[in-house]
Amino acid sequence: MRLHRFWQDEHNVNGIIEGTIWKQLLIFFFPILFGTFFQQLYNTADAMIVGQFVGKEALAAVGGATSVLVNLVVNLFVGMSTGTMVLVAQRFGAQDPEGVAEGVHNSYTLALVFGLLMTAVGLLAAPAALRLMGTPDDVYGYAVTYIEVYCLGFIPTAIYNTGSAVLRAVGDTKRPLYFLIVSCLTNIVLDLYFVLGLNLGVFGAAAATFISQVVSAVLVTVALLHAAGPIRLNPRRLRFQPKILGQIVKVGLPTGLQSDMYSISNLLIQSTINSFGTDTMAAWTAYGKVDGFFWMVLSAYGIAISTFAGQNFGAQKYDRIRKSVKVCLGMAAGTAVAFSLVFCIFAQPLLGLFTNDRVVLEIGANLARMIMPFYVVYVCTEILSGTIRGAGSALMPMILTGCGICLLRVLWIIFVLPFRRDVYLLLTSYPVTWGITSLLFIVYYLRGGWLRRQIAKNGFAPEEKGKA
């Protein structure tokens, strides 16, 4: 009886498998958006404060030299949490309480073990990786200090991402948002206190981030310890079950690797940018922090459509999945155009939040006006890959991304850049690869037969509740 009431109450609240699609997407989207906004602000606070009060070398270290390496690990955490979200959402849509509970406890165990492993790898490998990237000597010391402290936060980062994925999978997008707000405010207050008050510089910014990560992990864990129904966390059930773990990893690992393909290509680009000097590094860092606000919005659409597709796939409402894709594509495209206009018009004032250096501002503004008008061409990649993952298929999105993003950017650096060694030619690879990858996803979504295969793998009968 308790589980029945849990399902009934949750469906009345989130309405993902019923109701007007665009309204339900927006109800789900906005809390995720605000959450990713605070996640971005959380990450941006360090760069803003050290850039303004420590110097451009510290800004280059915090935002440029270290961010690509950190993202390689964090992307894996986010990918694994996506595996959690898809599994829990599908089991929730199918009203399978034991499947939900197994997903929760296997995912939490994975977060603890994987977070510990990545902490050890990060502490051992980061200094050498920074050298391999060609980090300038005036930036290297700051970068090592920042990344070594940041690595200590990998376990709480993995825990927060896993816990928030569980809550979002059952339609609870509000509490992950509240936890991020608290964590973000903690980070900003401690940044100001450690950097300005105690004059701890880059170490202070990193320490503030670590403490705020712990806060978010504690909050989401306490929420699940006291949750109702099958998502309730029971420490005694923390263990690995090979079958459940395999289902999580089957979606989570390709998703994390897909994100890492972006980071790997960005790592190569960052290494090339480093060779243009500290001014260009700082400009690229400042640009990246402004640019990140668009990607957080697009990511929120991707999370929304993944959960939407996951629950409707579990409920075998296939027509509703396809309709939601059309709606979400329209919403995301409109958002992309709006961001392009605003960012291009106000590029220099926005970049000025991170630095007062005239040369850095000029370079950053030129980069913004060259890349930002093309946001809209990437929309199909995010929405279609999110939908396909929501149905439990993550391998092909990883392959398409690997070919369209990572491989093509590497080829661009090898074969195109030598014709004119110029940072603007280097970064033209972004809109080019966005467009090609979106085309690949459109063809696969329309002609790839991905939905029929996932229906067959799960033993569903499409003619009963919807058409594939």
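The values are calculated or read from the model by the stated rules, or taken from the named source; none is laboratory data. Note that the coordinates shown come from a computational prediction; the quantities given were computed from them, not determined experimentally. Cβ coordinates were reconstructed from backbone atoms using ideal geometry, including for glycine residues, and neighbour counts include every protein chain displayed. Quick note on the areas: whole protein, heavy atoms, side chains included, nothing else; ligands and nucleic acids left out. Shrake-Rupley method; radii C 1.70, N 1.55, O 1.52, S 1.80 Å.
For the stretch 81-96, backbone phi angles converted through the Karplus equation (6.51, -1.76, 1.60; θ = phi - 60°) give residue-by-residue couplings of 5, 5, x, 4, 4, 5, 4, 5, 5, 5, 5, 5, x, 8, 6, 10 Hz, Gly and Pro being listed as x.
Inter-part distance, the stretch 433-447 to the stretch 123-167, computed on C-alpha centroids, equals 33 Å.
How much net charge surrounds residue 426 when only the other residues with a Cβ under 10 Å from the Cβ of residue 426 are counted, with Lys and Arg +1 and Asp and Glu -1?
+2
Note on the chain: Cα-only Rg and Dmax are 21.6, 70 Å.
Here the sum of -39500 (n - 2.57) over DSSP H runs of 4 or more residues, divided by the residues of the chain, equals -26000 deg cm²/dmol at 222 nm, to the nearest 500.
Sort out for me the Cα centre separation of the stretch 188-241 from the stretch 249-286, rounded to whole Å. Taking the Cα centre of each part, the stretch 188-241 and the stretch 249-286 sit 25 Å apart. Could you tell me which of the pairs 250/323; 23/317; 23/323; 174/317 are separated by over 22 angstrom between their Cα atoms in the structure shown? Cα-Cα > 22 Å for 250/323; 174/317; rest within.
According to the square roots a ≥ b ≥ c of the eigenvalues of the Cα gyration tensor, what is the shape class of the stretch 120-275, taking rounded for a/c under 1.5, prolate for a/b larger than b/c otherwise, and oblate for the remainder?
Oblate.
Across every pair of non-identical alpha carbons in the stretch 346-468, the mean reciprocal distance, once inverted, gives a Kirkwood radius of 17.1 Å. Computed packing ranks the peptides 251-261, 220-230 as 251-261, 220-230, most packed first, by mean other Cβ atoms within 10 Å. Here the stretch 339-468 exposes an accessible surface that is 68 percent carbon and sulfur, computed with a 1.4 Å probe and the other protein chains kept in place.
Only the Cβ atoms of Lys and Arg (+1) and of Asp and Glu (-1) were treated as charged; on that basis the dipole of the chain about its Cα centre amounts to roughly 1560 debye.
Spacing of the modelled spin labels on residue 275 and residue 326, each 7 Å from Cα toward Cβ, amounts to 4.9 nm. The stretch 329-367 and the stretch 308-328 have Cα centres separated by 34 Å. Taking a ≥ b ≥ c as the square roots of the eigenvalues of the Cα gyration tensor, the stretch 378-438 is classed as prolate, since a/c reaches at least 1.5 and a/b is larger than b/c.
Using R0 = 35 Å, the C-beta based FRET efficiency linking residue 117 and residue 198 works out to 0.60. For q values of 0.11, 0.12, 0.16, 0.24 Å⁻¹, compute log₁₀ I(q)/I(0) with the Debye formula on a Cα-only model of the stretch 100-206, without solvent. These q points yield log10 I(q)/I(0) values of -0.49, -0.57, -0.89, -1.19. FRET efficiency for the pair residue 344 and residue 422, taken as 1/(1 + (r/R0)^6) with r the Cβ-Cβ distance and R0 = 25 Å, rounds to 0.75. With a cut-off of 14 Å between beta carbons, the residues surrounding residue 59 carry a summed charge of -4, where Lys and Arg count +1 and Asp and Glu -1. Among residues other than residue 267 whose Cβ falls under 15 Å from its Cβ, what is the net charge (Lys/Arg +1, Asp/Glu -1)? Residues close to residue 267 contribute a combined charge of +1. With a ≥ b ≥ c the root eigenvalues of the C-alpha gyration tensor of the stretch 129-172, is it rounded (a/c under 1.5), prolate (a/b larger than b/c) or oblate? Prolate is the answer for the stretch 129-172, as a/c is 1.5 or above and a/b outweighs b/c. For residue 369 and residue 403, a Förster radius of 30 Å and the Cβ-Cβ distance give a FRET efficiency of 0.55, rounded to the nearest 0.05.
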